[in-house]
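Each remark here refers to the structure printed beneath this line.
The values are calculated or read from the model by the stated rules, or taken from the named source; none is laboratory data. Since we're looking at a predicted model, the values are computed, not measured. Every residue, glycine among them, receives a Cβ derived from its backbone with ideal geometry; neighbour counts consider all protein chains shown. Accessible surface areas use protein heavy atoms only, side chains included; no ligands, DNA or RNA. Shrake-Rupley method; radii C 1.70, N 1.55, O 1.52, S 1.80 Å.
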Amino acid sequence: MSDIGLAEKQLELQMQGKEWRALDKALVTFFREQQQLEPALALLIGQCSFALAQGHLCLPLKSMSQHSQQEWLVLMALYPDLFELSENRNQPFVYANTALYMRRYFSYQQQIALYLQHSSQRSQQLRQAINPALLKNLLDPLFPVSATKSAEPDWQRLSCAIAASSSFSVITGGPGTGKTTTVVKLLLVLQQLQQQQGATPLTIQLAAPTGKAAVRLRSSIRTTLDKLPASAEMKSQVPTDVSTLHKLLGARAQSRQFKQNVFEPLALDLLVVDEASMLDVELMAALLSALPAHARLILLGDKDQLASVEAGALMAELCQWAEQGHYLAETAAWLNQLSAAAIPTDLISDTGKALEQQIGMLRVSHRFDPQSGIAKLAHAVNAGHSAEVDAICRADYADLQYLEATDFKQLKQFVLTGKAKAEQKETAGFSFYLNTVAQGPALDASELVIDLWAQQVLADFSAFQLLCAVRQGPMGVEQVNLSVEKMLHQAGLIQQSRQQSNQHSSHWYAGRPVMVTQNDYALGLMNGDVGICLLRPYQGKWMLAVAFASEDSSKTVRWVLPSRLQQVETAYAITVHKSQGSEFRHAVLVLPDNFSPVLSRELIYTGITRAAKLFSLICGKAELLAKAVELKVQRHGAVRL
């Protein structure tokens with residue numbers, strides 16, 4: 001069969017098959033009608049659109065085997081209004097770096113890359129202007145040197161120094177390594193530098209991608225500030241309110257545009273963004289557009305977590321050399337002036353790029369004992385050692401449980417109590433928070449008492465969370481939620497019934513946890529926000545209302561009527577993606593009974609590190625876990641040029 005015939009056949013299969021989205025097919029149909037496209041180019045456009053759905057910024061042409069690079073260029077040159085090869089005339093597709101981009105995503109990539117280049121130049125100037133002795137004096141009270149000097153540097157201290165001398169910086173580290181502690185101390189240092197220079201205090205904003213992450217960051221910052229050796233006046237210059245990025249930028253309903261942009265920039269001198277692994281390139285580009293030219297930007301996050309749901313793997317790409325350091329000799333010499341221990345020589349490289357000098361990695365976890373099951377399992381997963389992962393899962397660790405199950409219905413007792421075996425000490429299953437729900441306030445209780453009860457329910461709900469890798473199937477989110485509701489109903493812990501019209505929908509009932517699945521700007525609720533439906537007193541009567549954690553520091557919780565929540569789903573089980581930015585006392589990862597393309601090393605690691613005290617893994621097939629651990633996500637595109 002000729003190349004043309006082969007392309008026509010492949011295009012026909014994709015247009016009739018289930019792999020491409022409806023959007024991909026519509027795009028191909030549109031351009032074929034408008035441009036009379038060659039079948040091979042129509043296939044190329046469809047695959048480029050489909051690549052975005054897989055998280056890639058572009059489609060490498062080497063993945064399209066019908067033609068050589070040169071043949072693709074010859075074909076694209078026949079349609080100069082459609083493909084940009086050299087002259088920029090705002091064509092919808094761009095060929096660059098031997099890959100095909102949709103124009104919008106190529107522009108995002110270029111915008112971020114240019115920002116990184118300019119930030120490196122500004123950072124070099126900042127570092128030269130800072131007196132190391134002055135900075136050391138400010139760091140010493142916040143990062144006291146141990147009496148028994150360690151051979152290992154204080155990475156929190158050095159990451160703080162790196163960020164203090166950079167216009168753009170990244171602080172990365174796993175759970176419990178102290179990212180929040182480090183950034184709070186950093187903000188105190190920067191405000192003290194302003195004071196010593198006779199300048200006005202910096203205007204600082206704190207943000208996170210989701211409401212859950214924002215509430216959690218706010219709580220962590222307040223707790224950390226209370227413990228630090230600084231004056232009340234200086235502490236007052238460190239903000240504790242945290243906004244979602246969409247709220248900060250002024251998201252517009254039914255639009256990709258934001259109120260804050262290059263023409264209406266944010267009124268700030270410094271922006272800190274937590275959980276930056278959730279940032280996709282489109283949101284990052286919007287953020288950079290709204291950032292004033294003089295402002296600093298600090299990203300916090302775990303480079304090893306799942307990449308954003310949308311296209312790009314920003315955090316992983318920015319931190320691709322963080323483990324190895326790649327500090328230039330002059331950077332190491334500058335940092336050594338501020339440290340009691342020298343930078344290890346294996347972290348110094350003469351091939352380090354400018355961006356590596358702006359990245360600090362926290363390397364010691366204070367949450368997990370290095371010998372704990374969770375710590376060992378997370379490390380083995382990150383290293384891709386599947387045999388070691390299997391051995392750790394099956395070993396006897398107090399903070400790990402491994403359950404072999406291919407049918408979630410087998411796990412009723414586990415769902416209720418959180419314990420896998422009869423002889424194990426009882427942990428927090430769903431009965432824990434539902435007991436708090438049942439102990440509700442009296443009909444004549446005050447608003448404060450009602451709100452404090454709701455706040456406790458929300459806190460108790462975070463004691464136990466089921467995390468699924470997939471949405472469909474016997475071990476997917478949808479079926480697991482149905483199974484859990486049935487188990488809890490049979491145990492008398494909830495009262496619920498099915499709508500006759502849709503067996504997958506639940507009536508509202510006291511205790512029902514829900515997750516918002518679509519941004520609701522009218523209500524101020526963002527995709528991923530979790531609330532609990534409660535029977536609460538209101539004007540002498542009982543009514544159902546959903547309690548959400550409040551971003552407003554002056555309020556304990558916020559209440560929303562169920563009738564106003566149109567885009568929510570039951571959340572006993574949520575996807576691992578939706579769990580990012582959250583922490584649960586007991587996190588339970590449920591793997592499907594068959595392999596899925598979403599399974600990866602990053603997904604397993606993210607699930608494990610949602611656990612604060614106890615992690616349980618439900619997996620019926622050991623070979624499936626091994627395959628997931630060995631599969632590292634690779635996304636095409638490059639924001640580092």
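Residues that are of a type outside the set (A, V, I, L, M, F, W, C) and open to solvent by 40 Å² or more (accessible area, probe 1.4 Å) within the range 195-211 comprise Gln195, Gln196, Gln197, Gly198, Thr200, Pro201, Thr203, Gln205, listed in sequence order.
If I ask for residues that are at pLDDT 90 or above and either among the polar types (S, T, N, Q) or crowded, with 22+ Cβ neighbours inside 10 Å (or both), which ones from the range 580-591 would you list?
Going through the range 580-591, the residues at pLDDT 90 or above turn out to be 584-591.
Hits for the range 580-591 are His586, Ala587, Val588, Leu589, Val590, Leu591.
The set of residues in the range 93-114 being in a helix (DSSP H, G or I) and open to solvent by less than 40 Å² (accessible area, probe 1.4 Å) consists of Arg103, Tyr105, Phe106, Tyr108, Gln109, Ile112, Ala113. Is it true that Val145 is touching a residue at least 40 places away in the same chain (Cβ under 8 Å), open to solvent by 20 Å² or more (accessible area, probe 1.4 Å) and either at negative phi or under 20 Å from the mean Cα position of the chain (by Cα) (or both)? Yes; evaluated as a whole, the condition is true for this residue. Which condition from (1) surrounded by fewer than 21 Cβ atoms within 10 Å (Cβ to Cβ); (2) in a strand (DSSP E or B); (3) among the polar types (S, T, N, Q) is the one that Ser616 breaks? Tallying (1) surrounded by fewer than 21 Cβ atoms within 10 Å (Cβ to Cβ); (2) in a strand (DSSP E or B); (3) among the polar types (S, T, N, Q), Ser616 fails exactly one: (1). Candidates Val262, Val309, Val272: the one that is modelled with pLDDT of 90 or more, β-branched (Val, Ile, Thr) and in a loop (DSSP other than H, G, I, E, B) is Val262. In summary, His577 fulfils each of the numbered conditions (1) of a type outside the set (A, V, I, L, M); (2) farther than 13 Å from Phe464 by Cα; (3) assigned to a strand (DSSP E or B) with the single exception of condition (3). As a summary of the residue check, Ser563 satisfies the conditions (1) surrounded by fewer than 13 Cβ atoms within 10 Å (Cβ to Cβ); (2) at pLDDT below 90 except for the one numbered (2). Hey, any hits in the range 219-233 for a residue that's open to solvent by 10 Å² or more (accessible area, probe 1.4 Å), under 22 Å from Gly607 (Cβ atoms) and not in a helix (DSSP H, G or I)? No - not one qualifying residue is present in the range 219-233. When Asp274, Asp369 are checked against the criterion of being free of Cβ contacts under 8 Å to residues at least 12 places away in the same chain and either open to solvent by 10 Å² or more (accessible area, probe 1.4 Å) or not small (Gly, Ala, Ser) (or both), Asp369 stands alone in meeting it. When the range 470-498 is filtered for residues that are in contact (Cβ under 8 Å) with a residue 60 or more places away in the chain, more than 14 Å from Pro513 (Cβ to Cβ), part of a loop (DSSP other than H, G, I, E, B) and open to solvent by 10 Å² or more (accessible area, probe 1.4 Å), the ones remaining, listed by number, are Val470, Arg471, Gly473, Pro474, Ala491.
Selection of the range 541-560 for residues being among the basic types (Lys, Arg) and at pLDDT 85 or above yields Lys541, Arg558.
Applying the selection to the range 349-366, what residues are open to solvent by less than 60 Å² (accessible area, probe 1.4 Å), of a type outside the set (D, E, K, R) and within 28 Å of Pro141 (Cα to Cα)?
In the first step, residues of the range 349-366 are kept if they are open to solvent by less than 60 Å² (accessible area, probe 1.4 Å); the result is 349, 352, 354-362, 365.
Narrowing further to those that are of a type outside the set (D, E, K, R): 349, 352, 354-355, 357-362, 365.
Answer for the range 349-366, where residues must be open to solvent by less than 60 Å² (accessible area, probe 1.4 Å), of a type outside the set (D, E, K, R) and within 28 Å of Pro141 (Cα to Cα): Gln357, Gln358, Ile359, Gly360, Met361, Leu362, Ser365.
Tally up the residues in the range 219-276 that are among the basic types (Lys, Arg) and closer than 25 Å to Val557 by Cα, please. Matching residues across the range 219-276 total 3.
Selection over the range 148-161 of residues that are within 23 Å of the chain's Cα centre (by Cα) and either hydrophobic (A, V, I, L, M, F, W, C) or assigned to a loop (DSSP other than H, G, I, E, B) (or both) gives a count of 2. Tallying residues that are within 25 Å of Asp280 (Cα to Cα), small (Gly, Ala, Ser) and either in contact with a helix residue (DSSP H, G or I) (Cβ under 6 Å, 6 or more places away or on another chain) or crowded, with 17+ Cβ neighbours inside 10 Å (or both) within the range 19-57 yields 4.
Restrict the check to the range 68-84 and report whether at least one residue is on the phi < 0 side of the Ramachandran plot, surrounded by 14 or more Cβ atoms within 10 Å (Cβ to Cβ) and of a type in the set (Asp, Glu). Yes - at least one qualifying residue is present in the range 68-84.
Could you name every one of the helices (runs of 4 or more DSSP H) located completely within the range 380-460 that has at least 1 residues being without any contact (Cβ under 8 Å) to a residue 24 or more places away in the chain, open to solvent by 50 Å² or more (accessible area, probe 1.4 Å) and farther than 20 Å from Ala571 by Cα? Steps first, please.
Values: elements: 386-394, 412-417, 430-438.
Fully inside the range 380-460 and qualifying: 386-394.
Scanning for something under 21 Å from Val184 (Cβ atoms) and either open to solvent by 10 Å² or more (accessible area, probe 1.4 Å) or free of Cβ contacts under 8 Å to residues at least 24 places away in the same chain (or both), does the range 289-296 turn up at least one residue? So far as the range 289-296 goes, yes, one or more of its residues are under 21 Å from Val184 (Cβ atoms) and either open to solvent by 10 Å² or more (accessible area, probe 1.4 Å) or free of Cβ contacts under 8 Å to residues at least 24 places away in the same chain (or both). Answer yes or no: is there a residue in the range 256-272 that is within 24 Å of Leu52 (Cβ to Cβ), out of contact with any Gly (no Cβ under 8 Å at 6 or more places or on another chain) and of a type in the set (Gly, Ala, Ser). No, because not a single residue in the range 256-272 is within 24 Å of Leu52 (Cβ to Cβ), out of contact with any Gly (no Cβ under 8 Å at 6 or more places or on another chain) and of a type in the set (Gly, Ala, Ser). Assess whether Ile112 counts as being of a type in the set (Val, Ile, Thr), farther than 30 Å from Glu71 by Cβ and over 29 Å from the mean Cα position of the chain (by Cα). Judged against the criteria, Ile112 is not a match.
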